[in-house]
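See below for the structure under consideration.
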Amino acid sequence: MTNCTVCSLSGEHPGISVDATGLCNLCRLDIAGDLLVNFRYTSAVFDEFQRAPRDPAARYDCLFMYSGGKDSTYMLDKFVNEYGKRVLAYTFDVPFESAHAADNIRLARERIAADFVLDADDENIKKVMREVFNRPAPAKPGSYLDEKLPCASCRTFFVLRAVLHAHRGGIKYIAMCADPQQILTMESNVREIVRGFYQRFGDRLTDEVFRGELEQLLFAEDDELPRIVFPFIAMRHDYDPDAIVAELKAKGLYESSPMETHCTLFPLLNYYAFKHWDCMFYKLNAASHARAVRRNGTGTERSTFSIRFPQVLDITGIEERLRKVTLEIAAGQGDRAEQLREVTAIFRDLDADEDAARFVAESFVAMPEVAADVGIRLP
Ligand SMILES: [Zn+2]
């Protein structure tokens with residue numbers, strides 16, 4: 001097995017190839033060329049949205065995907081109070097996410113002049129996740145981001161719910177607060193997102209979970225389809241999470257929680273990545289960190305779940321320890337107290353504070369219960 005000499009990604013990682021000089025395609029920036037095209041397109045669509053004159057016949061200028069996290073709260077405030085947009089703030093209640101964001105949504109409802117709508121569909125999003133986890137092993141070598149497929153499928157499901165909501169209401173734009181790194185890898189054309197879901201899950205399941213409504217979008221005229229805009233594209237050079245939190249707190253719009261975006265499926269996401277792709281869920285983030293350290297001497301990588309990779313980190317060692325304990329818990333083997341200690345230690349090494357590390361560790365040992373609740377089969 002060959003590993004990249006800069007970022008240590010394996011040549012068997014989905015979407016990664018390592019050349020004869022020991023460099024992977026990400027370090028050679030092969031993919032970056034494609035991504036740059038996507039970046040230009042999303043920039044252009046955002047400019048068009050910003051300049052679009054107000055349509056007096058429409059009630060809203062956009063549907064805004066509002067999670068209650070810091071990024072979307074910050075941008076919602078900007079859309080309404082700075083850009084003067086008429087906004088329908090749309091929140092999908094993901095059943096796997098902890099309720100920390102609810103406080104921020106309450107503050108936003110009190111202080112931001114937008115309409116708010118809360119959507120949910122526990123049964124069907126769980127059906128989709130069951131399908132992702134329980135289907136047979138994916139074909140090798142796979143493609144870029146395949147190890148994060150459960151995460152991407154969940155997001156795609158509720159993005160499509162939002163698309164249908166906008167389509168029904170005649171709303172022309174959907175604003176989505178992906179961070180600058182996510183924007184690079186996200187499909188922004190609505191018809192392509194629909195097509196991708198049909199390809200991934202087949203006609204039967206897709207029509208079942210969207211009650212046949214999605215099919216209309218495949219055959220709709222281009223100008224009937226909402227367009228997705230990524231507002232963070234405008235601030236890609238000065239995206240600063242700490243400054244965003246400081247500004248929100250000053251405006252009384254934010255109650256911080258170290259685990260604000262914690263997903264109860266996180267341990268299962270790791271299990272999926274180890275089982276099918278022999279890597280930890282955060283492997284690309286860790287590799288990107290290693291690349292930045294080599295290039296700049298400092299790491300800039302900061303993922304969701306509030307984990308910062310420390311300057312000096314034995315990523316291979318961490319991955320090996322996490323693999324062992326994750327697979328053991330999934331198999332229902334080993335000692336629970338020992339597993340709690342080990343996962344806490346691993347996340348402390350990933351720079352989480354004591355409370356956050358313990359919180360994550362508790363969720364890891366609870367993996368079998370969460371799996372049973374959703375209907376995900378463990379070995
Ligand atoms: Zn590399």
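The values are calculated or read from the model by the stated rules, or taken from the named source; none is laboratory data. These figures come from a predicted structure and were not determined experimentally. When we count neighbours, we look across all protein chains shown, and the Cβ atoms used for this are built from the backbone with ideal geometry, even at glycine. To get the accessible areas, we keep the full protein, side chains included, count just its heavy atoms, and leave off ligands, DNA and RNA. Shrake-Rupley method; radii C 1.70, N 1.55, O 1.52, S 1.80 Å.
Tabulated values for the structure
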| quantity | calculated |
| --- | --- |
| Matching residues in the range 72-91 - criterion: being buried (at least 20 other Cβ atoms within 10 Å of the Cβ) and either polar (S, T, N, Q) or closer than 13 Å to Phe232 by Cβ (or both) | Ser72, Thr73, Tyr74, Met75, Leu76, Phe79, Thr91 |
| Total residues in the range 4-23, condition without any contact (Cβ under 8 Å) to a residue 60 or more places away in the chain and closer than 17 Å to Val293 by Cα | 2 |
| Qualifying residue in the range 108-123 (condition: open to solvent by less than 40 Å² (accessible area, probe 1.4 Å) and closer than 19 Å to Leu205 by Cβ) | yes |
| Given (1) open to solvent by 30 Å² or more (accessible area, probe 1.4 Å); (2) over 21 Å from Asp146 (Cα atoms); (3) at pLDDT below 95, number of the condition Ile233 does not satisfy | (1) |
